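Novice: Here it is, the structure in full.
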Amino acid sequence: MEALRQRARELLAAGTVQAVLGYAAGSEPDRARPCFVRTAAEADGLIWNEHCRQNLATYLQKPEVRALGRLALVARRSTLRALLQLAAENQLADGRVVALFVADDGAVTELPTLAAIEELVARLPRGLSDADRQELDRIAALPLGERQAYWAGEFARCIKCYACRAACPLCYCARCITEANQPQWIPVSSDPLGNLEWNIARAMHLAGRCVDCGSCSDACPEGIRLDLLNHVLAEEARTQFGAEPGYSVRKDYALASFKPDDKQEYIR
Amino acid sequence: MTEQRILSRQNLGPLFERLAADGRRILAPVRHGDRVGFERVTRPDEVALDYVQTRTSAKSAVFPPYEPLLQFALQGKDVQVAEPAPDAAPTVLFGVHPCDAASFATLEAVFTWDTPDLPFESKRANLTIIGLSCTQGDAYCFCTSVGGGPGDPRGSDILLTPIGATHFLAEILTERGQAVARLAGELLEPHRGNGKDAALAQIPPRFDARQLGAKLPALFNHPAAWQEQALRCLGCGACAFVCPTCSCFDITDERDRYHGVRLRCWDSCGLALFTLHASGHNPRTKQSERWRQRVMHKFAYQPERLGVLGCVGCGRCSRACPVDMNLAQHAQQLAETAV
Amino acid sequence: MPRIGVFICHCGENIGATVDAAAVAKAAGELPGVVHAVDYKYMCSDPGQNLIKEAIREKKLTGVVVGACSPRMHEPTFRRACAEAGLNAFLCEMANLREHCSWVHEKLPETTEKAIDLVRVMVEKVKRNRPLFPINVPITKTALVLGGGIAGIQAALDIANAGHPVVLVEREASIGGHMAQLSETFPTLDCSQCILTPRMVEVAQHPNIRLYTYSELESLEGFIGNFKAVIRKKARGIDEATCTGCGACIQKCPTKKIPSEFNAHLGHRTAIYVPFPQAVPNKPVIDRAHCTYYRTGKCKLCERVCPTKALRYDQEDLLVEVAVGAVVVATGYEVKGTDFFPEYGYGRYKDVITGLQFERLASASGPTLGAIRRPSDGQVPETVVFIACAGSRDPAKGLHYCSKICCMYTAKHAMLYKHKVHHGRPYVFYMDIRAGGKMYEEFVRRAIEEDQVSYIRGRVSRIYEKNGKLIVKGVDTLLNSRPVEIAADLVVLATAMVPQPDAEALAQKMKISYDGDRFLNEAHPKLRPVEMNTAGIFVAGACQAPKDIPETVAQASGAASKVIGLFSKDELSREPVVAVVNRTAPPLFSTCVGCFLCETACPYQAIEREEIKDRNGNVLKTVARVNQGVCQGCGTCVALCRSKSIDLQGFTNEQVFAELVAL
Amino acid sequence: MEFAVSAFEPKLVAFVCNWCTYAGADLTGTSRIKYAPNVRLIRLPCTGRIDFMLLLQAFGKGADGVIVSGCHPGDCHYTAGNFHARRRWTLFRRLLDFVGVDLRRVHFAWVSAAEGAKWAELVNDVKTKIQALGPYDAFPKRLDGRPQPAEVA
């Protein structure tokens, strides 16, 4: 933690960045909150623990945050992947952000360029956590009817607050499909169809792009495990098409490319 | 007219049965893992009585996430419009905390200040609130800062306060409460003189909402008061959607082939599109302006125009916020900010 | 308010016998927005069309639905009728009541119900149709031809003779390509250079052709009718305008032992050189890798002997930008190196050569002046073994495809050898003889019957040297797989035809597609054989697939005629069924956020980037824009766009959605 | 036919491309091959144009089964639209299955302009299968499944 603070102080003192976007202590010991550090003294407030979860790359699209100037961003694996994916999608210019990657042992690596991020993220372990994997397998193994009932129950609690969308670093559309009303693709109301369509559309629109940060379900006030939908699609995109979004600034969106011999045994 | 009685926990079951027999449905907090929410119940053992706070508020009972305002159908070349019959079954909201009970006053102020709002009023008229004093709070509770308290009877028709492990002190506060008391009959035993204060949670006040409200207009253009706080706000709608007093809604038509329904659905001033004009102009372009609107509305505008505070200190917004935007904390800061 | 007219056709008995057309018209008349609904025996007949036209005028219709046959049949008919009555053609839709209803279902109430559904769906769609207008794209009437082989020469001449300017770009120092290297051509045995060089000269002298040799395509941007090509004119080291092509420099050049590319490395050339005596233009280039001056800083002998002082040692590559309306790709082929046939000893034994090398041996302008002499010792070979399919049709080791020309040129080689060395013994190992073509089979028969070339059906397993002879071990599959062993003096491999080594890079530069063998992909193998998928780019010759000279020339003329057809109008007019990116009021400008994932998916490279700027020129936003000249209207981008910022005219989200809701 | 009255007649929606399957279905017509009248076609230029949202809309509108069909791989009029579509479907199916949408109600097929008979077989086969499954009540409906007020017939 001290290494992180020290690096933040140095970057600010040298004028390399105008602000460091990190985490500060939250309302309670089990919470952390994003914070914007503008002076070396403020860097004392930076913390790093398992509660620092909201993907900070999400802030890069906010005009107020853009106005701050060049930023350093405290990053975990999914933050780095979000940065690369944003760059691949033309949303982040190289050099706008210095990533401060914090390893499990607290060591801080300063990554001033996208190339440096690519290089580091390539060396990190990949894949889902064991807990996520178990939950995924548990639901996938349910009989169809129970699976349907499970998700109908979960989606019934959705109140369409769109916190999942706001927390996602890759949900940056200027007008979300759910706000398009000519035609009205997704019912505005949080009725069963509206909630099902919203959650399917959100997951599909992240298919081949999601960087597995889990900020969507962390943000859900109803605690719906939306991230599982993303994980399922990410896994399918990876096994079927070799898609690994967020590991490169190259534009290789799985749904905008193809191989002539892609899987099709389900098509008659 | 307050009457004090004693209700044994054992008598909750018979009470529920009598309420049901009277044709009332019961909504009460139910626990699922670490989540508590209001649901329809029939038996007291389904009800969570030891909860601190539900995820979403009880306002759905009178202001559901979406509800029809009118129905329309194309009949040949004509349009037929009909107002749907209000979905307002007699309902008892059981076990809501005083903060939620107090929120109905704010909702009433908003929905009835000019034109009667049939969908709201019909539900409200058929709603009886059996409150439950708080014996515990958490770091997010701040009812005492906004004029409420863990045993505040305002808003409840009957307020229950646990007395020991086996009984409740029942304060019968209103005519609607009396009606329930009549149904309960002998289930409500005579009061034995126990005070309720000892049972209540301790929620120290953090600021004075009235004073804050008076001060806020002067802080409107304060350079640092809003920007710094709102910088981390993601602009999601979670706070408004879990809030017991937030009453903003969006009106939308949903249609099928040749018929449809006009719905009102929850909306939030925190969302960027909330104030977007058809012209493309948006008077609130920055999140700090939207956050300011939310705070001003609750603590300054509503007291000024409707005579009610827009906040009951339930703390749900702060618990739900993915980035820990703690409203009480910010209100406290504002209260301490020099004008 | 929409005013829709519905016209239900009986199609004689075709619809009327199964579907209650009158009931359909009646039901349609009751639909909201429908102000006129009739049924008629034959809607496509003149009286039928007049019903539509009159109704449009009298009822002031804003949209028309014709319930009749498939739109693939009569949509143009009814749209024209609407246009003639003053209603935009794209405000007319068809409900398919015949192919999709009356012809495929029994006469049942459900069938009429389905017909009503189909009409209602189209009524709801047409309410949301917008008038569309043909898209006009201006055309720059200049063609760019890449490659100066026979394909490029033919295409360039055809286009130029039609009166259009042509920019012809050739990578080598001279045009002519592989055909200039050939000795005689099958099946007529006329001398290749004799028929080619006059055409080369015609190119050089043609007033409509601007020739860039020793040049390559640097970049290509734009779209049909409006390309911008940048050509890299590599530094020759001489001033072409001053040089007279006298050749004095070449004679004096001290570096003489450089293997000649033109002679397939069988002869030598100097460091300052023209590839061959008949080169067009007949101006030398300096091979800087071998030139003594460039390597050591001393020499400049050529400058001393040059009578016109044309040498320019410090000359640099020049980038030339040209605006063109169409491109013909004719970059040709290369013969496959036989490195992957070590058992044939190629590269190890000097006397195992490729077919192209044999062409140079047999050519009167070649290193042996046309005498068949083997490379190792210059002796005339007594026995020559020709091996067909060296690399071709061999998925295990080489290439899976047939190179198409080898059967014929191997027969020709054997024949030429026999004509020049009368006592020689030519053998041909082959898999099958593929001699489809005018006078081709006759030609092969002539080689076998008149020139007594021994054809052996079988593969060669090994070649090794023994006592100054090349021992060719093979098998004759027509004689019970009897092993065959021939002691040869020279072995000629008919190596496979492959694309140029940089074919892939060029295709990527031009954003055109290529197949797994790196040959360019035509737009449709049968119906659009000379077009690329990218509109305005055409293909000719062996860069698309192996082919011989007649086919190449035919394809080149085909490509040229496509270009001439394109240039016959001042503007290109296209169906407006194209994608559009929305534009909205500031400060949003468009709901497009510029992720450009659509760019990757578009099969036609129709997605462009547009910068939206403020009054001071600061870029506010970069959004997608569809080039309407290039878009073909598949709508893949529309399905991909998350924010629904791209829509497809004629099949908009609103229209399709309304169709579904109407079901 | 009295027995037909009681049989469940499923509502099928087919999303087809203009160049192959729509033309193939035209050929079914010109060949006078009969098939079940339960299907309604939505014609789009290319399978690449078929948004996954359209499939959800169809179910929300009350379809009991959905057919998606276009050109065989390699035959796409637009070269690659069907390849893009295929990837989209592969992912979409996985998600549908995970959230409990019955994949037996979503049918994908390549039907060329020459396969008129295949189109008829496909529709009949899908109809039979959906008939066995019954109405798709588990899928939420548009307007929250509200009863439809006096609607135009």
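Every number here is computed from the coordinates shown, using simple stated rules; none is lab data. Here the structure is a predicted model, which means the values were calculated and not measured. Positions of Cβ are backbone-derived with ideal geometry, glycine not excepted, and every protein chain shown enters the neighbour counts.
Novice: With θ set to phi - 60° and the Karplus curve 6.51 cos²θ - 1.76 cosθ + 1.60, what are the ³J(HN,Hα) couplings of the range A:23-34 in order, to the nearest whole Hz, using x for Gly and Pro?
Specialist: For the range A:23-34, the Karplus-derived couplings read 10, 10, 4, x, 4, 9, x, 8, 10, 9, 10, x Hz, x marking Gly and Pro.
Novice: Helix-only estimate, please: 222 nm mean residue ellipticity of chain C, summing -39500 (n - 2.57) across DSSP H runs of length 4 or more and dividing by its residues, to the nearest 500. Write out the running numbers ahead of the final one.
Specialist: Numbers: 17 runs with 177 residues, N = 663.
So the calculated ellipticity at 222 nm is -8000 deg cm²/dmol.
Novice: Also, quick follow-up: Just name one of B:GLY155, B:PRO283, B:GLY137: the one whose Cα is farthest towards the positive end of the charge dipole of chain B (beta-carbon charges, Lys/Arg +1, Asp/Glu -1).
Specialist: Value: B:PRO283.
Novice: Could you give the C-alpha radius of gyration of the range D:9-153 expressed as a fraction of 2.2 N^0.38 Å, taking N as the number of residues it contains?
Specialist: Details: Rg = 15.4 Å, N = 145, 2.2 N^0.38 = 14.6 Å.
Ratio of Cα Rg to 2.2 N^0.38 Å: 1.05.
Novice: Let me see the pair-distance distribution of the range C:415-551: every alpha carbon pair, 5 Å bin width, integer percents in order.
Specialist: Spelled out per bin, shortest first, that is 2, 8, 13, 14, 14, 11, 11, 11, 9, 5, 2, 0, 0.
Novice: Rounded to the nearest Å, what's the spacing between the alpha carbon centres of the range C:633-661 and the range C:1-67? Just the number, please.
Specialist: 28
Novice: A further question follows. Consider a paramagnetic label point 7 Å from the Cα of B:ALA198 along Cα→Cβ; state which residues of the range B:125-162 have an amide N under 14 Å from it.
Specialist: B:162, by backbone N distance to the label point.
Novice: Right, another one. Can you put C:PHE651, B:PHE168 in order of Cβ neighbours within 10 angstrom, beginning with the fewest?
Specialist: Sorted ascending by nearby Cβ count, the order is C:PHE651, B:PHE168.
Novice: Moving on to the next point. Ignore the peptide's own chain and count Cβ atoms of other chains within 10 Å of each Cβ in D:30-37; give me the average, rounded.
Specialist: Averaged over the peptide's residues, the number is 5.
Novice: Also: How would you classify the range C:457-496 from its alpha-carbon gyration tensor, with a ≥ b ≥ c the square roots of the eigenvalues: rounded for a/c under 1.5, else prolate if a/b is greater than b/c, otherwise oblate?
Specialist: Values: a/c = 2.75, a/b = 1.39, b/c = 1.98.
It is oblate, given that a/c is not under 1.5 and a/b is not larger than b/c.
Novice: log₁₀ I(q)/I(0) of the protein assembly as shown at q = 0.06, 0.09 Å⁻¹, via Debye over equal Cα point scatterers, no solvent, to two decimals?
Specialist: Values returned for q = 0.06, 0.09 Å⁻¹ are -0.74, -1.28.
Novice: Taking 0.36 nm per intervening residue step and subtracting the Cα-Cα distance, what contour gain separates C:GLU654 from C:LYS350 on full extension? Mind dumping the intermediate values first?
Specialist: Values: separation 304, 0.36 × 304 = 109.44 nm, distance 7.16 nm.
So the extension gain works out to 102.3 nm.
Novice: Which three lengths, in whole Å and largest first, does the range C:86-204 cover when its Cα atoms are put on their principal axes?
Specialist: Each principal axis gives a Cα extent; for the range C:86-204 these are 77, 37, 24 Å.
Novice: Compute from the Cα atoms of the range B:148-221 the Rg and the Dmax, the latter being the longest Cα-Cα distance, and quote both in angstrom.
Specialist: Calculated on Cα positions, Rg and Dmax stand at 17.8, 59 Å.
Novice: Measuring from the lowest to the highest alpha carbon on each principal axis, how far does the range B:103-253 reach, largest first, in angstroms?
Specialist: Reported extents, whole Å, longest axis first: 60, 42, 27.
Novice: On to the next question. Could you work out how far apart the two model spin labels at B:LEU70 and C:TYR464 are, taking each label as a point 7 Å from the Cα in the direction of the beta carbon, and quote it in nm?
Specialist: Reported label-point gap for B:LEU70 and C:TYR464 is 10.0 nm.
Novice: Counting only DSSP beta bridges with both residues in chain C, what percent are antiparallel, rounded to the nearest 5?
Specialist: Details: 56 of 105 bridges.
The antiparallel fraction comes to roughly 55 percent.
Novice: Using all Cα-Cα distances in chain C, what percent lands in each 10 angstrom bin from 0 up to the longest?
Specialist: 3, 13, 18, 18, 16, 12, 10, 7, 3, 0, 0
Novice: Go ahead and set up a Gaussian network model of chain D, Cα springs under 10 Å, then flag whichever of D:GLY48, D:GLY100, D:GLY65 fluctuates most.
Specialist: Checking each option, the largest mean-square fluctuation is seen for D:GLY100.
Novice: List the residues, sorted by chain then number, that are 5 or more residues from C:HIS268 or on another chain and whose placed amide H is less than 5 Å from its amide H.
Specialist: C:SER260
Novice: Separate question: Tell me the trypsin sites (Lys or Arg not before Pro) within the range C:615-663 that lie in a loop according to DSSP and have at most 12 other beta-carbon atoms within 10 Å. All intermediate terms of the calculation are to be shown ahead of the outcome.
Specialist: Numbers: sites: C:ARG615, C:LYS621, C:ARG625, C:ARG642, C:LYS644; in loops: C:ARG615, C:ARG642, C:LYS644.
For trypsin sites (Lys or Arg not before Pro) across the range C:615-663 that sit outside H, G, I, E and B with at most 12 neighbouring Cβ atoms in 10 Å, the list reads C:ARG615.
Novice: Follow-up. Can you tell me what share of the DSSP beta bridges in the protein assembly as shown is antiparallel? A percent to the nearest 5 is fine.
Specialist: Values: 110 of 195 bridges.
Roughly 55 percent of the beta bridges in the protein assembly as shown run antiparallel, per DSSP.
Novice: Here's another thing I want to ask about it. Pairs of alpha-carbon atoms within less than 8 angstrom and 6+ residues apart define the contacts here; what relative contact order does chain A have, in percent?
Specialist: Values: 375 pairs, mean separation 45.7, N = 268.
Relative CO of chain A lands at 17 percent.
Novice: What whole-number value in cubic angstrom gives the convex hull volume per residue for the C-alpha atoms of the range B:251-339?
Specialist: 173
Novice: Ranking A:LEU80, C:LEU319 by Cβ neighbours within 10 Å, fewest first, what do you get?
Specialist: Values: A:LEU80 26, C:LEU319 11.
Neighbour counts put them in this order, fewest first: C:LEU319, A:LEU80.
Novice: So for the range A:2-123, considering every pair of alpha-carbon atoms, how many percent are separated by more than 20 Å? Can you show the working numbers first?
Specialist: Values: 2694 of 7381 pairs.
Roughly 36 percent, rounded to a whole number.
Novice: For C:GLU184, what residues show an amide H to amide H distance below 5 Å, using hydrogens built from the backbone and excluding near sequence neighbours?
Specialist: Correct list: C:SER192.
Novice: I'd like the orientation of helix C:109-127 relative to chain C: the angle between its Cα long axis and the longest Cα principal axis, in ° from 0 to 90, rounded to 10.
Specialist: 80
Novice: Relative contact order of chain D: what whole-number percent is it, with Cα pairs under 8 angstrom and at least 6 residues apart?
Specialist: Working: 240 pairs, mean separation 52.8, N = 153.
Computed value for chain D: 35 percent relative contact order.
Novice: Quick one: what do you get for the range C:287-374 if you divide its Cα Rg by 2.2 N^0.38 Å?
Specialist: Numbers: Rg = 20.7 Å, N = 88, 2.2 N^0.38 = 12.1 Å.
Cα-based Rg divided by the globular estimate yields 1.71.
Novice: Take the Cα radius of gyration of chain B and divide it by 2.2 N^0.38 Å, with N its residue count; two decimals is plenty. List each step's numbers first, then the result.
Specialist: Details: Rg = 21.4 Å, N = 339, 2.2 N^0.38 = 20.1 Å.
For chain B, the normalised Cα radius of gyration comes out at 1.06.
Novice: Can you bin every Cα-Cα distance in chain A into 10 Å intervals starting at zero and give me the percent of pairs per bin, rounded to whole numbers?
Specialist: Here the calculated profile for chain A is 6, 27, 34, 23, 8, 1, 0.
Novice: Need one number for the range C:248-305: average projected area of the convex hull over its C-alpha atoms, nm².
Specialist: Details: hull surface 15.4 nm².
For the range C:248-305, the mean projected area of the Cα convex hull comes to 3.8 nm².
Novice: Testing the spin-label approximation: label points 7 Å from Cα along Cα→Cβ at B:ARG35 and C:ALA396. State their distance in nm.
Specialist: My value for the distance between the label points is 6.3 nm.
Novice: To continue, here is another question. Which FRET efficiency value, to the nearest 0.05, do you get for C:LYS26 and B:THR275 by plugging their Cβ-Cβ distance into 1/(1 + (r/R0)^6) with R0 = 41 Å?
Specialist: Numbers: r = 49 Å, r/R0 = 1.20.
Plugging the Cβ-Cβ distance into 1/(1 + (r/R0)^6) gives 0.25.
Novice: Still on this structure, please answer the following. Counting only DSSP beta bridges with both residues in chain A, what percent are antiparallel, rounded to the nearest 5? Could the numbers behind the result be given before it?
Specialist: Working: 13 of 21 bridges.
Around 60 percent of the beta bridges assigned by DSSP in chain A are antiparallel ones.
Novice: Sticking with this one: Mind giving me the FRET efficiency for C:GLU218 and C:LYS420? R0 is 60 Å, r the Cβ-Cβ distance, nearest 0.05 is fine. Can you show the working numbers first?
Specialist: Details: r = 45 Å, r/R0 = 0.74.
Computed FRET efficiency for C:GLU218 and C:LYS420: 0.85.
Novice: Helix by helix through chain D, keep the DSSP H runs that span 24 Å or more along the axis on Cα and average at least -1.0 on Kyte-Doolittle, and give those back in order.
Specialist: Details: long enough: D:81-98 (26 Å, -0.73); D:116-133 (26 Å, -0.10).
The qualifying helices are D:81-98, D:116-133.
Novice: For C:ALA204 and C:LYS228, compute 0.36 nm times the residue count separating them, minus their Cα-Cα distance, and round to one decimal in nm.
Specialist: 6.3 nm
Novice: If one computes the Cα centroid of the range B:155-190 and of the range A:12-35, what distance in Å separates the two points?
Specialist: Using only Cα atoms, the two centres lie 50 Å from each other.
Novice: Sticking with this structure for a sec: So how tilted is helix C:406-420 from the main axis of chain C? Cα-based, degrees 0 to 90, rounded to 10.
Specialist: 30
Novice: Tell me, what is the FRET efficiency for C:ASN50 and A:GLU64 to the nearest 0.05, using R0 = 45 angstrom and their Cβ-Cβ distance as r? Write down the numbers at each step before the final one.
Specialist: Numbers: r = 65 Å, r/R0 = 1.44.
So, using R0 = 45 Å, E works out to roughly 0.10.
Novice: Run the quick spin-label model on B:ALA338 and C:ASP502: label points 7 Å from Cα toward the beta carbon, then report their separation in nm to one decimal.
Specialist: With each label placed 7 Å out from Cα toward Cβ, I get 7.2 nm.
Novice: Using alpha carbons only, how many degrees (0 to 90, rounded to 10) separate the axis of helix C:653-662 from the longest principal axis of chain C?
Specialist: Approximately 50 degrees, to the nearest 10.
Novice: Moving on to the next point. Given H placed on each backbone N at 1.01 Å, which residues far from B:VAL30 in sequence or on other chains put an amide H within less than 5 Å of it?
Specialist: Those lying under 5 Å, H to H, from B:VAL30 are B:GLY37, B:PHE38, B:GLU39, B:ALA48.
Novice: Which whole-angstrom value gives the distance between the alpha carbon centres of the range B:202-251 and the range C:154-193?
Specialist: 80
Novice: Related question: In whole angstrom, how long is each semi-axis of the equivalent ellipsoid of the range C:1-137, when you take the square root of 5 times every eigenvalue of its Cα gyration tensor and sort them from largest down?
Specialist: Details: eigenvalues 108, 46, 37 Å².
Values for the range C:1-137, descending: 23, 15, 14 Å.
Novice: What is the mean projected area of the alpha carbon convex hull for the range C:334-498, to one decimal in square nanometres? Present the calculation step by step, with values, prior to reporting the outcome.
Specialist: Details: hull surface 37.5 nm².
Averaging across all directions leaves 9.4 nm² for the Cα convex hull.
Novice: So what is the orientation-averaged projected area of the range C:310-424, using the convex hull of its C-alpha atoms, in nm²?
Specialist: Numbers: hull surface 50.5 nm².
Approximately 12.6 nm², given one-decimal rounding.
Novice: Something else about it: Once you keep just the Cα pairs under 8 angstrom separated by 6 or more residues, what percentage relative contact order results for the range C:276-414? Provide the component values of the computation, followed by the final result.
Specialist: Values: 84 pairs, mean separation 14.4, N = 139.
Relative contact order of the range C:276-414: 10 percent.
Novice: Subtract the Cα-Cα distance of C:ASP432 and C:LYS526 from 0.36 nm times their separation in residues, and report this length gain in nm to one decimal. Write down the numbers at each step before the final one.
Specialist: Details: separation 94, 0.36 × 94 = 33.84 nm, distance 2.56 nm.
So the extension gain works out to 31.3 nm.
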